[in-house]
Each structure stands twice: as structure tokens, then as C-alpha cells.
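Working notes for the structure below.
The values are calculated or read from the model by the stated rules, or taken from the named source; none is laboratory data. Note that the structure is predicted; figures quoted are calculated from it, not measured. Note: ideal-geometry Cβ built from the backbone for every residue, glycine included; neighbour counts use all protein chains shown. The area values use the complete protein model at the heavy-atom level, side chains included, leaving out ligands, DNA and RNA. Shrake-Rupley method; radii C 1.70, N 1.55, O 1.52, S 1.80 Å.
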Amino acid sequence: MMYDYLIVGAGLYGAVFAQQAKKAGKSVLVIDKRPNIAGNVYTEEVEGINVHKYGAHIFHTNNKKVWDYITKFAEFNRFTNSPVANYKGELYSLPFNMYTFNKMWGVVTPEEAAAKIEEQRKEITGEPKNLEEQAISLVGRDIYEKLIKGYTEKQWGRDCKELPAFIIKRLPVRLTFDNNYFNALYQGIPVGGYTQMVANMLEGIEVRLDTDYFADKAGFDAMAEKVVYTGPIDAYFNFSLGTLEYRSVRFENELLDKPNFQGNAAVNYTDRETPWTRIIEHKWFEFGKDKNGNDLPKTVISREYSSEWKPGDEPYYPVNDEKNGALYAEYKKLAEKEKNIIFGGRLGEYKYYDMDAVIAAALDKAEEEL
Ligand code: FAD
Ligand code: UDP
């Protein structure tokens, strides 16, 4: 055998596992079918701006072990995610907090805001049965109508009455003036971009890009004692039990010859009529500066359009409903019967992991294995 481990996928899961294996003295080969490393966190420099090619990524975690690990490979800036909602030209602060309530109702004190929410949530009696009821019971009908309904229906392609309540529960509701979108102890963007961070993790490790595992699975398997597979689990089994579903996103990128398009990294378009869900202006993840600290004259924006996934599209969000959960459970049984292979990451485990959870999972697996 030429290698101890063949790692399929140069995304975060693969990179963490490869780094840990090399550190433990193992020989490792990493392959990826894309022309670049870093998987979905890949950033590409355009006019001095690190553009998040597969969607905006903001690192946030409460896990000190993960933070101590990842900061060995990049320094993180002090970016704090504070998206703005645009409802037909009216701007609101997110997540839902005193700035939002003041703009919506003119209320000034937390007591006044709480009273307003209390009055509006009365229409929901009993346990909320779906996302609409859950949203109204959290923040009232006005906010539901202007900031939640349209956005959610565009994002998921389904009516709010047909979506599970839990989706909306992850957004904070605060009676304080605090626009920080995440309740996380550690948050930021890696200075120099995510691609550089992953390149640092993979330093000294052999990586072959534009290389599809399935183009010669038997040949690759014969090269290593063990395989770590981070691609879609259903693809590994040749879709023999059927295809798992995903939501996909289409990004329309534009380079503009002006320094400032929207004044913020993320603006959500929360009405139903605007076809995109949000616009990302990438330079604001790094405060509009290039790597030498100079102001950037141009800007790159990405409009995001949410769509139902079909074969050939990039699979972005696993659809964690009952039907897909049951099918995944069947694939997992097949996976458990395979010898010398580890299924890991967002696609390998069909799980909507944030970056910190993927890193934690890969570190745990490496600890158990190596
Ligand atoms: P991936 O990054 O998908 O890597 C898997 C790799 O395997 C890919 O590079 C793929 O090309 C390769 N591969 C697949 N099949 C094969 C094959 N047959 N042969 C060779 N290679 C193969 N998380 C956050 O914490 N904060 C955020 O703000 C955030 N925003 C997000 C926004 C969007 C639009 C999306 C989709 C996700 C976001 N995430 C965010 C989640 C984050 O992207 C994931 O947690 C993380 O990237 C998963 O890493 P991974 O290694 O499991 O998967
Ligand atoms: N959401 C919303 N309005 C917004 C932002 C989010 O209604 O302006 C809802 C929407 O249903 C979304 C959920 O809150 O699916 C969770 O939002 P989050 O930003 O956490 O979603 P992500 O894209 O990170 O999965």
C-alpha cells in the first residue's frame, strides 16, 4: 500500500482529518474532483477581495477546542455578522432586537416592545404547529409578515404553514440593542481567506485536484489502507436506494466599479416579490480593506437564488425531513457494512453541519482512529 489514508474531499472535514493523520505520522493522499481545495468554504481573490464562491461563510463557535485548533492555521478578524433586512425599501436590523422593534413599532423601552409582542402573539393558542405559528408566537404578526414570511418561502420553496417550527427557533430574539446574529463566544473571518487557511492545514500533504474518486474507485482503494469519504453518501452506493434531496443555491456574481454598494456584508430581501433571497457584498467581511490595509476601489456582490436541487446541481443544504431522514438511515446501514472506510462531513453524513461542528466531528474521528 502506498498510503495509510486516502481522503476523498479537500473540504474542512477532509483537511482536518488529513492534518491530524499526518501529524500522527501517517501517509496521506487527498483527492478532490473540484479544481480547488477548501470545498464549500473556498474563497477566490478578485480585485483584492476574497470572494466566498460557494456562499458566505462566517465562522462562529462556542467550542473552545475547535477555536484553539482552527486559529493555528489562520488569524481571525473581528467581523460580527449583523445582517440588514430590506422589506420593500424599509430597512430593519437583524436578528430581532430593540433596533428592529423600535423601527417596526416606534417603541422605545424593552417593556413597550415586550407588551407589543405579547399583544400580537395572543392569536396563537396552544403549541405552535408550524413555522408560521412559531414565528408569530415569538415576535408577533407584523414582524412575521414583513421579515419572515417572504424570505422563508423563497428560501425553502414551501409555504410557512408547511414548514417545521424548529427552523425559526435558531434565530435570537432579544430585548436589548444587540445586532450580533450569533450567540457565539468566538466569531470572525480568517485573515487572508478560507482557502489560505485550508492550504495551511494541508501543508506538506499530497493533494490531487480535478480527480474524481469514482473515475477509478478500485484503483484508488488499492492505493490506501483506509478511505475517508466526504462526498454524498448516496453517490457512494451508486444511488441504489434512491436519491437524497437537497436545496441548492444559485449565485449571480457581479464586479462593480464603485467602492460601496450596500454598506454591509449581508442584506436580506424579505419580501416575496424580489426573486433573490439576499445580496452579499464580500469586501465588508474584511472591512473594505485589501491585505495591506488599503481601501478597495471596487466591490463584488453576489445575489443568492434558492432552488430545489436536481441531479447535476451542487448539493448545498440536506433536507432534513422525515422522508430523507429515513432514506439516509438505510444508506447508513449499508455504510456500516463497508470495511476500511469512514464516511464524514456534511455530505457523507447528510447533516446540516456548521463549520465548527464539521471540525469537531473530524477531530473526534481522528482521535478515535489514530
Ligand atoms: P464540503 O465542503 O462540501 O467538502 C466535500 C468535498 O468533497 C468537496 O470539495 C467535493 O468536491 C468533494 N467530493 C465530493 N465527491 C467527490 C468525489 N467523488 N471525488 C472527489 N471529491 C469529491 N457554516 C458556518 O459555520 N457558517 C456559515 O456562515 C456557513 N454558511 C454556509 C452557506 C452556504 C450557502 C452553505 C451551503 C453552507 C454554509 N455553512 C456555513 C456550512 C459549511 O459550508 C460546512 O459546514 C462545511 O463546508 C462542510 O465541510 P465538508 O468538508 O463536510 O464538506
Ligand atoms: N429567516 C427569516 N428572515 C430573515 C432571516 C432568516 O425569516 O431575514 C428565517 C428563515 O426561515 C431561515 C431561518 O430563519 O430559514 C434560519 O435562518 P438562518 O440565517 O439561520 O439560515 P441559514 O441560511 O444560516 O441556514
Checking region 55-152 for GluC sites (Glu not before Pro) in a loop per DSSP with at most 12 other beta-carbon atoms within 10 Å yields Glu75, Glu123
Treating only Lys and Arg (+1) and Asp and Glu (-1) as charged, each at its beta carbon, one finds that the chain has a dipole about its Cα centre, in Debye to the nearest 20, of 240
For region 135-249 (alpha-carbon point model, no solvent) the Debye-based log₁₀ I(q)/I(0) at q = 0.09, 0.10, 0.14 Å⁻¹ works out to -0.53, -0.64, -0.97
Of the DSSP H helices in the chain, the ones reaching 18 Å or more along their long axis in Cα terms and averaging at least -0.5 in Kyte-Doolittle hydropathy are 355-369
Output for region 150-224: GluC sites (Glu not before Pro) sitting in coil per DSSP, at most 11 other Cβ within 10 Å, listed by number, reads Glu203
Counting every C-alpha pair in region 59-150, the percent lying more than 23 Å apart is 43
Links exceeding 20 Å between C-alpha atoms in this model, out of Lys103/Lys146; Lys64/Lys226; Lys53/Lys226; Lys53/Lys169; Lys23/Lys226; Lys26/Lys64, come to Lys64/Lys226; Lys53/Lys226; Lys53/Lys169; Lys26/Lys64
FRET efficiency for Asn238 and Met2 from the Cβ-Cβ distance with R0 = 22 Å, rounded to 0.05, comes out at 0.30
Here the FRET efficiency for Glu225 versus Tyr352, based on Cβ atoms and R0 = 22 Å and rounded to 0.05, is 0.10
Taking 0.36 nm per residue of separation between Asp257 and Ser307 and subtracting their Cα-Cα distance, the length gained on full extension comes to 15.1 nm
In whole percents, the bins of 5 Å from zero upward hold the Cα-Cα pairs of region 195-338 as 2, 7, 11, 13, 13, 14, 14, 11, 8, 5, 2, 0
FRET efficiency (Glu45, Glu111; Cβ distance; R0 41 Å; to 0.05) is 0.25
Debye calc, one equal point scatterer per Cα of the chain, no solvent, log10 I(q)/I(0) at q = 0.06 1/Å comes to -0.26
Percent antiparallel among DSSP beta bridges confined to the chain, rounded to 5, stands at 65
Rounded to two decimals, the Rg over Rh value of region 295-342 from Cα coordinates and the Kirkwood Rh reads 1.25
Of the candidates Gly188, Phe237, Ala222, the farthest towards the positive dipole end of region 123-267 (Lys/Arg Cβ +1, Asp/Glu Cβ -1, centred on the Cα centre) is Gly188
Expressed in square angstrom to the nearest 10, the accessible area of Leu241 with a 1.4 Å probe stands at 80
Each label sits 7 Å from Cα toward the beta-carbon; between Lys64 and Asn292 the label points are separated, in nm, by 4.1
Per the rule of 0.36 nm per residue minus the C-alpha distance, extending Arg208 to Asp178 adds in nm 6.3 nm
Note to self: with every protein chain in place and a 1.4 Å probe, the chain gives an accessible area per residue in Å² of 47
Once amide hydrogens are built 1.01 Å from N within the peptide plane, the residues lying 5 or more places from Ile341 or on another chain with amide H under 5 Å from its amide H are Val227
So Glu367 and Leu185, fully extended at 0.36 nm per residue minus their Cα-Cα distance, gain in nm 63.1 nm
Counting only DSSP loop positions in region 161-229, the chymotrypsin sites (Phe, Trp or Tyr not before Pro) whose Cβ has at most 16 other Cβ atoms within 10 Å are Phe177
The Rg/Rh figure for region 312-370, Cα atoms and Kirkwood Rh, to two decimals is 0.99
Rounded to a whole %, the carbon-and-sulfur portion of the accessible area of the chain at a 1.4 Å probe is 49
The whole-number value in µm²/s of the Stokes-Einstein translational diffusion coefficient for region 1-119, with Rh from the Kirkwood sum over alpha carbon pairs at 20 °C and 1.002 mPa s, is 115
Along principal axes, largest first, the alpha-carbon spread of region 1-59 in whole Å comes out as 43, 23, 17
Rounded to two decimals, the Debye log10 I(q)/I(0) of region 89-197 (Cα scatterers, no solvent) at q = 0.18 Å⁻¹ is -0.93
Relative contact order as a percentage, region 256-329, C-alpha pairs under 8 Å and 6+ apart, gives 31
